[in-house]
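To start, the structure under review is shown below, and the notes come after it.
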Amino acid sequence: TQMNYVERDNYGMYTDPTGNGPGPRLMGADTLMGNDVYNLQGEDLGDVKEIMLNVYDGKISYAVLSFGGFLSLGEKLFAVPWEALTLDTVNKRFTLDVHKDRLESSPGFDKDNWPNMSDQTWADSIRSYYGTQP
């Protein structure tokens with residue numbers, strides 16, 4: 001069972017008794033790893049395996065999601081533009097507005113064959129697929 005970002009908070013970032021704490025506008029990247037991703041239909045689309053940062057501008061470019069498989073065997077990975085994800089603070093997970101069958105047919109990769117995420121042509125194709133802008 002996965003833990004949500006509040007349960008993964010080792011530093012007390014989300015325990016401000018006033019409710020005015022740093023989250024969810026400012027969150028620790030490590031607390032987001034492993035968080036579930038669901039679509040608007042309430043279907044489980046996988047979980048966040050990695051967060052890809054652009055080291056030049058300091059912004060998050062992609063969340064890498066895993067989908068399918070069992071115990072990491074046969075799972076497919078997907079780079080989803082960060083802008084395509086919405087934090088669901090009620091259910092403590094992310095929402096991605098994509099049908100499950102569309103995700104299954106989206107451009108994915110396996111853990112031993114990552115794409116060149118800095119390739120602009122690849123990046124444009126991913127953003128086009130999910131309908132996002134950088």
**OP:** Sort L85, L26, L103 by accessible area with a 1.4 Å probe, largest first.
**Re:** L26, L85, L103
Subject >> By accessible area with a 1.4 Å probe, ligands and nucleic acids excluded, highest first: order of D36, D30, D112 >> reply: D112, D30, D36
Original post:
Among 59-67, 6-14, how do they line up from the highest to the lowest mean number of other beta-carbon atoms within 10 Å?
Top reply: 59-67, 6-14
Original post:
Against the longest principal axis of the chain, how steep is helix 120-130, in degrees 0 to 90 to the nearest 10, with axes from Cα atoms?
Top reply: 70
**OP:** Report, please, the projected area of the chain averaged over directions, based on the convex hull of its C-alpha atoms, in nm².
**Re:** 8.9
Subject >> Sulfur and carbon atoms: percent of accessible area, the chain [1.4 Å] >> reply: 49
**OP:** Counting only DSSP beta bridges with both residues in the chain, tell me the antiparallel percent, nearest 5.
**Re:** 90
Subject >> Accessible surface, segment 91-134, averaged per residue in Å² (probe 1.4 Å) >> reply: 65
Subject >> For T132, net neighbour charge (Lys/Arg +1, Asp/Glu -1) across residues whose Cβ lies under 12 Å away >> reply: -2
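The values are calculated or read from the model by the stated rules, or taken from the named source; none is laboratory data. Bear in mind the structure is a predicted one, so any value in this text is a computation, not a measurement. So basically every Cβ, Gly included, is an ideal-geometry build from the backbone, and we count neighbours across all protein chains shown. Just the protein is used for accessible areas: all its heavy atoms, side chains included, with ligands, DNA and RNA removed. Shrake-Rupley method; radii C 1.70, N 1.55, O 1.52, S 1.80 Å.
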